[in-house]
Amino acid sequence: MKNVIIAFSNPLFANWATTILQRGGYTVEYSCKTGGEVARVVDFCNSMVVVGGFQFTDMTAEGLMAILDGRLAMVTILLPHQRDLVERSDMLTIPYPVCASDFLQAVQLAEKTAARYALTGGSEFGGGTRPPDRPAEEKLLILKAKGILMEKYRMTESQAHRFLQKSSMDRGLKLVDAAQMVMDNSLTIF
């Protein structure tokens with residue numbers, strides 16, 4: 001079975017996409033409601049493709065694509081009124097309503113794109129080579145530190161991430177070291 005992440009703020013679209021994907025031989029690894037959720041799970045998933053709508057409560061699909069930075073291929077389903085809102089020419093979009101076979105073909109195309117990207121290290125798409133992925137322990141530590149910042153200081157996920165980035169740059173540390181300082185409660189927040 002092949003894994004896919006779905007990302008729809010509307011549960012009806014999520015159910016519709018899940019049903020078609022499962023009938024097509026896919027497993028939905030994660031079902032997300034916001035772009036932020038996708039950004040959080042991307043480092044912990046086996047999926048190469050995310051399928052979602054154009055508008056989330058926290059961002060658009062274009063914003064999510066920028067955050068993903070080629071880590072996953074994305075298929076965006078556009079409602080009729082959203083077609084004129086797309087500004088990126090590199091987005092794989094399909095108009096809704098769409099038949100199941102066209103939907104599955106778009107996901108297969110996204111899989112091929114992601115596989116090519118992985119084989120070429122992104123150079124085929126003008127991205128150069130990506131930095132090596134972090135070990136799972138480091139990813140988990142960073143995620144936990146963000147969670148502490150979000151809970152204790154009422155930050156959003158992106159604010160917590162930016163805080164860790166800025167703290168690490170200001171102190172000449174690696175991101176994971178700044179995250180460890182948050183976990184140890186030795187990083188001055190404000």
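Just so you know, all these numbers are worked out from the coordinates, no wet-lab data involved. Just so we're clear, the structure is a prediction, and the values are computed from it rather than from any experiment. Neighbour counts run over all protein chains shown; Cβ positions are idealised from the backbone, glycine included.
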- [ ] Calculate, in nm to one decimal, what CYS45 and ASP84 gain on full extension: separation in residues at 0.36 nm each, minus their alpha carbon distance.
- [x] 10.9 nm
Open item on the list: To make sure I understand, if each residue's beta carbon is the centre and we count other beta carbons within 10 Å, what order do LEU68, LEU85 fall in, fewest to most?
Closed with: LEU85, LEU68
Task: Partners for LYS152 among aspartates and glutamates (Cα-Cα distance below 15 Å; same-chain residues under 8 apart left out) - done: ASP184
- [ ] Would you calculate a helix-derived [θ] at 222 nm for the chain, using -39,500 (n - 2.57) for each DSSP H run of n ≥ 4 and dividing by the full residue count, to the nearest 500?
- [x] -15000 deg cm²/dmol
Open item on the list: Based on DSSP loop calls and a cut-off of at most 14 other Cβ atoms within 10 Å, the longest stretch of the chain free of exposed trypsin sites (Lys or Arg not before Pro) is what?
Closed with: 1-87
Open item on the list: Per 0.36 nm of contour for each residue apart, how much would the distance between ASP170 and ASN3 grow if the chain were fully extended, relative to their Cα-Cα spacing?
Closed with: 56.2 nm
